[in-house]
Amino acid sequence: MDILRAHHVAVICSDYGRSRRFYTEVLGLAVVAETYRAARDSYKLDLRLPDGTQVELFSFPNPPKRPSYPEACGLRHLAFEVADVDAAVADLARHGVTAEPVRVDEHTGKRFTFFADPDGLPLELYER
């Protein structure tokens, strides 16, 4: 098997409109396709990052809460690479999104920070 790259990450949200605005307007992801699935009473929104990686945003009626604190077993967070972490944090702040203090990865020397999407999903900004 030759894995080429990550294709997409799927996120289930509790409030579709709120999360749609967050991922498109705050994070600036491009909409590829949006589908309403009546049989599931569910939306699926395909979003694209500049490198082609996609985020699939799903809505389902009454999804269970994600256990985060203490951190649950499973996928820990979604990380986005940015050119300038300080500029990205400032952009988030203009949208009322608070990020943790910027830290330095002790193994790579790269700067990073965490923030949360509307459902508390941990998201990371990692400086190129």
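The values are calculated or read from the model by the stated rules, or taken from the named source; none is laboratory data. None of the values given here were measured: they were computed from a predicted structure. Reconstructed Cβ throughout: ideal geometry from the backbone, glycine too, with neighbour counts over all protein chains shown.
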Residue count, the range 87-121 (criterion: under 16 Å from the mean Cα position of the chain (by Cα), surrounded by 12 or more Cβ atoms within 10 Å (Cβ to Cβ) and over 23 Å from residue 48 (Cα atoms)): 1
Look through the range 46-86, keep the residues that are in contact (Cβ under 8 Å) with a residue 24 or more places away in the chain, more than 30 Å from residue 111 (Cα to Cα) and in contact with a helix residue (DSSP H, G or I) (Cβ under 9 Å, 6 or more places away or on another chain), and return whichever of them is surrounded by the fewest Cβ atoms within 10 Å (Cβ to Cβ). 60
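Which residue is nearest to residue 92 (Cα to Cα), if the candidates are limited to the range 2-32 and must be over 17 Å from the mean Cα position of the chain (by Cα) and without any contact (Cβ under 8 Å) to a residue 24 or more places away in the chain?
We begin by selecting, within the range 2-32, every residue over 17 Å from the mean Cα position of the chain (by Cα); these are 2-5.
Okay, now just the ones that are also without any contact (Cβ under 8 Å) to a residue 24 or more places away in the chain, so 2-4.
Numbers: 2: 36, 3: 33, 4: 31 Å.
My answer is 4.
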Tell me which of these residue 10 doesn't satisfy, since it passes every other one: (1) of a type in the set (A, V, I, L, M, F, W, C); (2) out of contact with any Leu (no Cβ under 9 Å at 6 or more places or on another chain); (3) part of a strand (DSSP E or B). (2)
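Per-residue answers, yes or no, for (1) at negative phi; (2) of a type in the set (Phe, Trp, Tyr); (3) at pLDDT below 90:
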{"site": "11", "(1), (2), (3)": "yes, no, no"}
{"site": "15", "(1), (2), (3)": "yes, no, no"}
{"site": "29", "(1), (2), (3)": "yes, no, no"}
{"site": "45", "(1), (2), (3)": "yes, no, no"}
{"site": "57", "(1), (2), (3)": "yes, no, no"}
{"site": "71", "(1), (2), (3)": "yes, no, yes"}
{"site": "81", "(1), (2), (3)": "yes, no, no"}
{"site": "96", "(1), (2), (3)": "no, no, no"}
{"site": "100", "(1), (2), (3)": "yes, no, no"}
